[in-house]
Amino acid sequence: MTSAVKESGRDKLFLIFNYIYVFLAFIIVAYPVIYMISASISDPKLVGSGEMWLWPKGITFEGYQRVFQNSSIWTGYGNTILYTVVGTAINLFVTLPAAYALSRKDFLGRNFFMGMFLVTMFFGGGLVPSYLLVKELGMVNTMWAIVIPSAASIWNIIVSRTFFQSSIPKELQEAAQIDGCTNLRLFMKIILPLSMPIIAVMALFYGVGNWNSYFSALIYLNEAEKYPLQLVLRQILVLQEMSAQGGGSMDASTASALNNKAEIAALVKYAVIIVATAPIIAIYPFLQRYFVQGVMIGSVKG
Amino acid sequence: MQEAKGIVTGSVLPVPDKLKSRVWKRIVQNWELYLFIAPAFFYFLIFSYGPMYGIQIAFKNFIPTKGILGSPWVGFDHFVRFFDSYYFWDLIWNTLSISLYELAIGFPVPIILALAFNELKAGFFKRTAQTVTYAPHFISVVVMAGMIITFLSPSTGIVTHFIEWMGFDAPDFLTDPKWFKTMYVFSGVWQSAGWGTIIYLAALSGVDPGLHEAAIIDGASRFQRVRHINIPTLVPTMTILLILNMGSLLGVGFEKILLLQNSLNMESSDVISTFVYRSGLVDAQYSFSTAIGLFNSVINAIVLIVVNQIVRRTNENSLW
């Protein structure tokens, strides 16, 4: 908000407070992230005792070494990439054509389909019936249980539909139809190439969702070799810590051995968090405007 | 198009056959669009409406070998058992209090942050602050839970060290039931407040600059302009988001709760959805769990409709 008028005294004060406020928000968000990165390459003793609180101290890369040596993390990584790529491809295949059809005013039945989809936003079968269905379909313990039951989100269909409605001129479709172009050709050759922004947005939204999801893997997969990264992480980050909390009394030597083990475990924890989150955080600043665009398109009441 | 419509409506009554053939023609002409929508149609039919068919096991005693249809009816037995159980009110209280706590803290923070961002001059600081505060949105819930656990760890957590450094006794955040809700709500704000500003910033970018210019000429201070121009601009967006939030009062995001839950903090961390998970998929009480899930969905739908009605009475920003 730039104005030609000079800021008055009270406005300056307001602006100063505003900057302080935003700066505090910035610090609160940034600090834990910096701390994690520093902790992942610091001496675990100094991290555990609180001596390392901002910048790395006693630099060691042992945590990363152990992470990279751990085969279950690699398997998890591979599985996650597979599930994310296949899942996102399915997401796009289901979402984009449907959204395009729904954006066409001459599509008879669009209100019926839209209504049918919208109901699912407010009411669903619940956990157990969904689980029984997936089981009935024979998808338990396969990749399909991860990618198919989340093949589309109604929210993303609405966002894409809004994009098609507002960004593709109707004349284009009319002209193509007068020239005898079929709907399929029209969609593949004209609409999709013009819709790269929304394809990027959808691929990113769905991709991040697939990369980060753990719950469907938790309930549908029962072999460790099929676990995605997030489930491996859950094992390392959550379950181990919880069991460590419950340790009772013990003699001194076991205690120190365990202590040593606990320190290395802590180091691995920080490293694994960075390794698992890095791909998304690394691409995010470059793609930020697409993500923001996606939210903005969605906010147009359609 | 306009003309064609006129002809159609004009000839509806006398010649219904003609309308029929017209409808048919429109369907045939756009037959490929039905192909386009088919994957989504079948997806929702099978994976959203399919489970709705399965809801009937809430009123049955589901026996896997007999299937959904073959299992015997028991009426409202499961519901009665749930309502009479000693944990019923605990679950309701935990679910509602976590939701309302989250709403009370998590709803205003993005609004205030968006208003603050909006007052910054475009430039490096603004860009950086936005990029950094949006980023936690992309952290997975598992990593989030891992971060909470390591930061709050009673022996090595940095938050614990900080509190002790200031000379206080650090509470045992992870296992003390008193702290569970606060830990849950504030970590949620940390993760999503920045991202939540985007939708408000979009609304703020639509403010007519003329309003601000006129206000400046009238001698309005920045604070007054925020108060009387920017905040009213956000009211429609706020209303819609509030309605949507109310609709999920009993649907508190359970993925994170499930990860942070342990036997020690259970009394304040057990919510309806985690209970549904435990009783249904861990203990395999399929019918009982479905009944609780159904109870939950019905309450959610009712709350959404009621809130929407109330909003519709008072202003025009309702969902439908």
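The values are calculated or read from the model by the stated rules, or taken from the named source; none is laboratory data. Not measured: the values here are computed from a predicted model. Cβ sites come from the backbone with ideal geometry, for glycine too, and all protein chains shown count toward neighbours.
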Inset, instruction - Might you check whether a residue that is under 18 Å from A:I27 (Cβ atoms), assigned by TED's automatic domain parsing to the domain that holds B:F107 and either among the charged types (D, E, K, R) or touching a His at 6+ places or on another chain (Cβ under 9 Å) (or both) occurs anywhere in the stretch B:172-184? - result: no
Legend entry - Residue under evaluation B:A202, criteria (1) more than 8 Å from chain A (Cβ to nearest Cβ); (2) within 30 Å of B:M144 (Cα to Cα), criterion not met: (1)
Legend entry - Among (1) surrounded by 19 or more Cβ atoms within 10 Å (Cβ to Cβ); (2) farther than 16 Å from B:D90 by Cα; (3) more than 11 Å from every other protein chain (Cβ to nearest Cβ) - the single one B:F288 does not satisfy: (3)
Inset, instruction - Could you tell me whether B:T65 is among the β-branched types (V, I, T), farther than 30 Å from B:I231 by Cα, more than 8 Å from every other protein chain (Cβ to nearest Cβ) and part of a loop (DSSP other than H, G, I, E, B)? - result: yes
Inset, instruction - Kindly indicate the residue of the stretch B:254-269 that is assigned to a loop (DSSP other than H, G, I, E, B) and surrounded by fewer than 20 Cβ atoms within 10 Å (Cβ to Cβ) and also nearest to the other protein chains (Cβ to nearest Cβ) among those meeting that condition. - result: B:N262
Inset, instruction - Would you mind finding the one in A:L237, A:L231, A:L184, A:L204 that is of a type outside the set (F, W, Y) and modelled with pLDDT of 90 or more? - result: A:L231
Inset, instruction - Would you check which residues across the stretch B:195-244 are small (G, A, S), closer than 28 Å to B:T128 by Cα and surrounded by fewer than 17 Cβ atoms within 10 Å (Cβ to Cβ) and list them? - result: B:S205, B:G206
Inset, instruction - Go through (1) within 24 Å of B:E267 (Cα to Cα); (2) in contact with a His (Cβ under 7 Å, 6 or more places away or on another chain) one by one and return the number of the condition B:S192 breaks. - result: (1)
Legend entry - Residue list for the stretch B:118-144, restricted to those being more than 22 Å from A:T277 (Cβ to Cβ) and in a helix (DSSP H, G or I): B:N118, B:E119, B:F124, B:F125, B:K126
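Here is a yes/no grid of residues against (1) at the interface with chain B (Cβ under 9 Å from one of its Cβ atoms); (2) under 19 Å from the mean Cα position of the chain (by Cα):
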{"site": "A:L24", "(1), (2)": "no, no"}
{"site": "A:T84", "(1), (2)": "no, yes"}
{"site": "A:L96", "(1), (2)": "yes, no"}
{"site": "A:Y100", "(1), (2)": "yes, no"}
